[in-house]
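*Asks:* Mind having a look at this structure? Questions to follow.
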Amino acid sequence: METKAKLTLGFDEIEAIIEDRLPPSAYNGSGFWYRKPKWGPGCISNCWERQGYRISKLDLDKQKVSFQRVVNHMVPFQIPKRLLDRKIPEDAEFKLQQVCAAIIKEYNL
């Protein structure tokens, strides 16, 4: 892989890199692309994780996958637009505050 901050590859480009066809499951759902603990160290997500990337977008219709460079296992976080565009119930706001405080504390942010 490259060292770019963001990288998008078509499934055909990935097949050229691995010199093999992707299995049908790669075209039919996201399960192939994301780590599943039962798959263990041989799962395909280890390939890009070892190179310092994570999937930022998977487009099965266009057969493209976008990767984001992970720096020291830190990734940019974007608050979902739905939470920014509207008001939320008070109890939901309270829960979000608790979760954010816990994350900030746990990761020394």
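*Asks:* Among the residues of segment 10-33, how many are touching a Ser or Thr at 6+ places or on another chain (Cβ under 8 Å) and either over 12 Å from Ser66 (Cβ atoms) or not assigned by TED's automatic domain parsing to the domain that holds Tyr53 (or both)? I'd like the intermediate steps shown before the answer.
*Replies:* So in segment 10-33, the residues touching a Ser or Thr at 6+ places or on another chain (Cβ under 8 Å) come out as 31-33.
Remaining after also requiring either over 12 Å from Ser66 (Cβ atoms) or not assigned by TED's automatic domain parsing to the domain that holds Tyr53 (or both): 31-32.
Here the count works out to 2.
*Asks:* Give me the pairs, please: first residue somewhere in segment 44-71 and without any contact (Cβ under 8 Å) to a residue 60 or more places away in the chain and within 12 Å of Leu7 (Cα to Cα), second residue anywhere and surrounded by 14 or more Cβ atoms within 10 Å (Cβ to Cβ) and hydroxyl-bearing (Ser, Thr, Tyr), beta-carbon distance under 6 Å, and either six or more positions apart or on two chains.
*Replies:* Ser56/Ser66; Lys57/Ser66; Lys64/Thr8
*Asks:* Pairs only if they're at least six apart or on different chains, beta carbon under 9 angstrom, first in segment 95-107 and farther than 16 Å from Met74 by Cβ, second surrounded by 10 or more Cβ atoms within 10 Å (Cβ to Cβ); list them, first residue then second.
*Replies:* Short answer, once both residue conditions are applied: Leu96/Leu83; Leu96/Ile88.
*Asks:* Quick test of your reading of the structure: Arg54 fulfils all but one of (1) at pLDDT below 90; (2) part of a helix (DSSP H, G or I). Name the failing condition by number.
*Replies:* Single failed check for Arg54: (2).
The values are calculated or read from the model by the stated rules, or taken from the named source; none is laboratory data. Because the structure is a prediction, the values reported are computed rather than measured. With ideal geometry, Cβ positions are generated from the backbone for all residues, glycine too; neighbour counts draw on all protein chains shown.
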